[in-house]
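Down below is the structure, laid out as structure tokens.
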Amino acid sequence: MESVEVFTSEGKGRGLKAQKEFLPGDVIFAEPAYAAVVFDSLTHVICHTCFKRQERLHRCGQCKFAYYCDRTCQRAAWLNHKNECSAIKKHGKAPTENIRLAARIMWKIEREGSGLSEGCLVSIDDLQNHVDSFSEEEKKELRADMESFLEFWPPQSQQFGMQYISHIFGVINCNGFTLSDQRGLQAVGVGIFPNLCQANHDCWPNCTVIFNNGNHEAVRSMFHTQMRIELRALSKISPGDELTVSYVDFLNVSEERRKQLKKQYYFDCTCEHCKKQIKDDLMLAAKAGESKPSAETVKEVIQFSKDTLEKINKARMEGLYHEVVKLCRECLKKQEPVLGDTNIYLLRILSIASEVLSYLQMFEEAADYAKRMVDGYLKIYHPNNAQLGMAVMRAGVTHWHAGLIEAGHGLICKAYAILLITHGPSHPITKDLEVMRVQTEMELRMFQQNEFMYYKMREAALKNQKIQVMPEPSNDTSPSLFHKKE
């Protein structure tokens, strides 16, 4: 942590600033979790140590609740799971993720004290809890969590006052970081990272945070790496510059982002992009040209888009994917003569349509929508945005599956360049992309030498091997950096 320092940021409280120069892709610091838990709904399919999704997991023989990749992960977990294991057995069942996370934090405090841990810039006691800013509904949920915690907490463990328990739940509420599986495709858990909590928000940040599940697969333990978050530079950072990350997805107009930040994180965003409403005009763009639509028509189509998105979410929840496609096509017919190519309501429909059509193996139509989505994203997002990189990767794979090898290879190369900066070369997603890049490059050479033979070989290969499609579409929107309890 010698490369960063905590300082008082004007109007924001504490913040982090660089002590030396960083270039795009540099890891500014890596931080293991102070405490972390798997989401309630995924406890049996995600390893409780490294948070990787695995087909077959080993269950803890004592509490029958925790699951692990193998003995290596189980041994690594024992220090944090020991008290939890005993408490679950006595309680009769595992409590919710918030209770489990609070308990793990307090067992660590019991073992090590609440002062500064090794490598930490700030103690758990000094993290903000924002309890005073809670709404009545949030206060009601807090009281319910505290009651459940007291029922679960063993009497032989160190006893904490109600105010301190309230502080810990407040810290979890506004500082819980979303953890993803090894492919970065699904949020699977929540953890507390005290150093990361000091990084302030900016809608156009100079850093990104990536979760790395670590590696326990090496034969020799000296090559094992632990689960951690990495703060990585997105652009050149000079000594003395504040290090910022984005707590929310940029793909929203400034007013909506500010509302979301105020509701979830209890502050008013004063970043340059919000103050000057930068890129809002692109995100709400109407069709340009001679037949420019009226403001009233644009308003009607945007409302129709919002209503359609609600219907789409309902259909996705029920797994009615052909209905989702039908709704998307109907909405696009209304949008295309009225909304600009960068309008966020058009881009949201294009994103859903391309994802669901890929899942249904209707790749040619999916590729067309994916290309339009990426063209819009490239005009809006920061060039080194992780979500942009993931979207470009998805579009590249869709084009590849559609047999559009030139466009597919180009998009995969573009995605690889972005993810090298946001995720780094050793991340599983970047490694997957490198394999795809090499494969598509080889196929592109074959295509350029003999187009007819390429399609014949591709057709033969598809007959003998089931095509690898996208995972089943999820109903999740782009996750926020920090996890909020639903």
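The values are calculated or read from the model by the stated rules, or taken from the named source; none is laboratory data. Nothing here was measured: the structure is a model prediction, and the numbers come from that model. Neighbour counts are summed over all protein chains in view; Cβ atoms, including those assigned to glycine, are modelled from backbone coordinates with ideal geometry. Calculation scope for accessible area: heavy atoms of the full protein, side chains included, ligands and nucleic acids excluded. Shrake-Rupley method; radii C 1.70, N 1.55, O 1.52, S 1.80 Å.
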**Prompt:** If you take the residues in region 53-72 that are more than 17 Å from K82 (Cβ to Cβ) and assigned to a loop (DSSP other than H, G, I, E, B), which one is most open to solvent (accessible area, probe 1.4 Å)?
**Reply:** R56
**Request:** Being touching a Leu at 6+ places or on another chain (Cβ under 6 Å) and farther than 24 Å from D249 by Cβ narrows it down to one of E365, E330, so name that one.
**Result:** E365
**Prompt:** Can you find a residue in region 36-45 that is free of Cβ contacts under 8 Å to residues at least 60 places away in the same chain and part of a helix (DSSP H, G or I)?
**Reply:** yes
**Asked** Considering only residues of region 78-92 that are assigned to a helix (DSSP H, G or I) and over 19 Å from I105 (Cβ atoms), which is most open to solvent (accessible area, probe 1.4 Å)?
**Response** K90
**Fill in**
C50: passes all of (1) assigned to a helix (DSSP H, G or I); (2) surrounded by 15 or more Cβ atoms within 10 Å (Cβ to Cβ) but (1)
**Request:** Those residues that are open to solvent by 20 Å² or more (accessible area, probe 1.4 Å), in contact (Cβ under 8 Å) with a residue 40 or more places away in the chain and either farther than 22 Å from V253 by Cα or small (G, A, S) (or both), I need them from region 292-318; list them, please.
**Result:** R316, M317
**Request:** Specify which of the listed residues (K263, K275) is open to solvent by 80 Å² or more (accessible area, probe 1.4 Å), under 20 Å from the mean Cα position of the chain (by Cα), basic (K, R) and under 30 Å from E5 (Cα atoms).
**Result:** K263
**Request:** Test each condition in (1) in a loop (DSSP other than H, G, I, E, B); (2) out of contact with any Gly (no Cβ under 8 Å at 6 or more places or on another chain); (3) open to solvent by less than 90 Å² (accessible area, probe 1.4 Å); (4) closer than 19 Å to C174 by Cβ for D268 and report the one that comes out false.
**Result:** (3)
**Message:** Just to be sure I understand the filter: pairs with C-beta atoms under 7 Å, separated by 6 or more residues or on different chains, first member in region 232-247 and touching a residue at least 40 places away in the same chain (Cβ under 8 Å), second member surrounded by fewer than 16 Cβ atoms within 10 Å (Cβ to Cβ) and among the acidic types (D, E). Which pairs pass?
**Reply:** I237/E21; S238/E21; P239/E21
**Message:** Checking the condition among the basic types (K, R) and open to solvent by less than 60 Å² (accessible area, probe 1.4 Å), which residue from R258, R329, R228 passes?
**Reply:** R228
**Fill in**
Subset of region 145-162, residues under 14 Å from I172 (Cβ atoms) and without any contact (Cβ under 8 Å) to a residue 24 or more places away in the chain, comes to M146
**Request:** Considering only region 239-249, state which residues are crowded, with 20+ Cβ neighbours inside 10 Å and assigned to a loop (DSSP other than H, G, I, E, B).
**Result:** S246, Y247, V248
**Prompt:** Going by the conditions given, is Y345 assigned to a helix (DSSP H, G or I), more than 30 Å from R228 (Cβ to Cβ) and of a type in the set (S, T, Y)?
**Reply:** yes
**Item:** Contacts under 6 angstrom Cβ, first residue in region 447-458 being closer than 12 Å to L404 by Cα and open to solvent by 70 Å² or more (accessible area, probe 1.4 Å), partner in a helix (DSSP H, G or I) and among the polar types (S, T, N, Q), 6 or more apart
**Value:** none
**Message:** Just to be sure I understand the filter: pairs with C-beta atoms under 6 Å, separated by 6 or more residues or on different chains, first member in region 392-411 and in a loop (DSSP other than H, G, I, E, B), second member open to solvent by 10 Å² or more (accessible area, probe 1.4 Å). Which pairs pass?
**Reply:** A402/F363; A402/E364
**Asked** Out of region 316-351, which residues are farther than 23 Å from E296 by Cα and more than 23 Å from the chain's Cα centre (by Cα)?
**Response** E318, L320, Y321, H322, E323, V324, V325, K326
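Quick grid of which residues meet (1) within 20 Å of Q387 (Cβ to Cβ); (2) touching a Phe, Trp or Tyr at 6+ places or on another chain (Cβ under 8 Å); (3) surrounded by fewer than 16 Cβ atoms within 10 Å (Cβ to Cβ); (4) at pLDDT below 95:
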position	(1), (2), (3), (4)
Q158	no, no, yes, yes
G161	no, no, yes, yes
C174	no, yes, no, yes
V188	yes, yes, no, yes
N195	no, yes, no, yes
A199	yes, no, no, yes
V209	yes, yes, no, yes
N213	yes, yes, no, yes
E217	no, no, yes, yes
**Message:** Being touching a helix residue (DSSP H, G or I) at 6+ places or on another chain (Cβ under 7 Å) and farther than 23 Å from A30 by Cα is the filter here; which residues of region 120-142 pass it?
**Reply:** N129, H130, V131, F134, L142
**Request:** Could you tell me which numbered condition K20 fails, if it satisfies all but one of (1) open to solvent by 30 Å² or more (accessible area, probe 1.4 Å); (2) closer than 26 Å to P428 by Cβ; (3) part of a loop (DSSP other than H, G, I, E, B)?
**Result:** (2)
**Message:** Checking D341 against (1) in contact with a helix residue (DSSP H, G or I) (Cβ under 6 Å, 6 or more places away or on another chain); (2) open to solvent by less than 60 Å² (accessible area, probe 1.4 Å); (3) modelled with pLDDT of 95 or more, only one condition comes out false. Which one?
**Reply:** (2)
**Prompt:** In this structure, is R75 basic (K, R), open to solvent by less than 60 Å² (accessible area, probe 1.4 Å), closer than 20 Å to V37 by Cα and not in a loop (DSSP other than H, G, I, E, B)?
**Reply:** no
